[in-house]
Amino acid sequence: MLQPGVVLFDQLSDEAKSRAVHDFIDFYLKKNSTKSLEILTDYPIQYEMEQINHDIQQNSNFHPDQLRDYLYQNDGEFFERIISSLDQSFMENGVMADQSYDEWYQKKYDEIAKGL
């Protein structure tokens, strides 16, 4: 059960979803630049990631802000599906409720490392 003022991605307003997607695009681009997206492959989002990665590669000459805007406009629905599949909770303004995307990713990474 979620605490008051905390919702899942699909329950966010359009404005809050926009913020969450923009934040996730920043996270995704940073991880993509270091080839560190392996944790996301545990989720059923391979098609979405392939499409996004293709667009990143095809537009690698864009300025970072231009690429971010391009991805939001052209791949926003893919990012929304990815975020939704992560099953994370958000504040009503679109910010992750308990942690940042980087903290969430590191926690998932650490869980896998313990099992090795």
Residues of segment 33-79 being in contact with a Lys or Arg (Cβ under 7 Å, 6 or more places away or on another chain) and more than 18 Å from ASP102 (Cβ to Cβ), which ones? ILE45, GLU48
When only residues in segment 9-36 that are exposed (fewer than 15 other Cβ atoms within 10 Å of the Cβ) and not in a helix (DSSP H, G or I) count, which is nearest to the chain's Cα centre (by Cα)? SER36
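Quick grid of which residues meet (1) surrounded by fewer than 16 Cβ atoms within 10 Å (Cβ to Cβ); (2) touching a strand residue (DSSP E or B) at 6+ places or on another chain (Cβ under 9 Å); (3) of a type outside the set (Ser, Thr, Tyr):
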| position | (1), (2), (3) |
| --- | --- |
| ASP75 | no, no, yes |
| PHE78 | no, no, yes |
| GLN88 | no, yes, yes |
| ASP98 | yes, yes, yes |
Looking only at segment 44-56, which residues are closer than 16 Å to SER84 by Cβ, in a helix (DSSP H, G or I) and hydrophobic (A, V, I, L, M, F, W, C)? MET49, ILE52
Out of (1) surrounded by 13 or more Cβ atoms within 10 Å (Cβ to Cβ); (2) without any contact (Cβ under 8 Å) to a residue 12 or more places away in the chain, the odd one out for SER84 is which? (2)
Going through (1) part of a helix (DSSP H, G or I); (2) over 12 Å from the mean Cα position of the chain (by Cα); (3) at pLDDT 95 or above one by one, THR41 fails only at (3)
Subset of segment 67-96 that is in contact with a Leu (Cβ under 8 Å, 6 or more places away or on another chain) and in a loop (DSSP other than H, G, I, E, B) - its residue that is farthest from ALA16 (Cα to Cα): ASP87
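The values are calculated or read from the model by the stated rules, or taken from the named source; none is laboratory data. On a predicted model such as this, the values are computed, not experimentally measured, just so you know. A quick note on method: Cβ atoms are made from the backbone with ideal geometry, for glycine too, and the neighbour counts reach across all protein chains shown.
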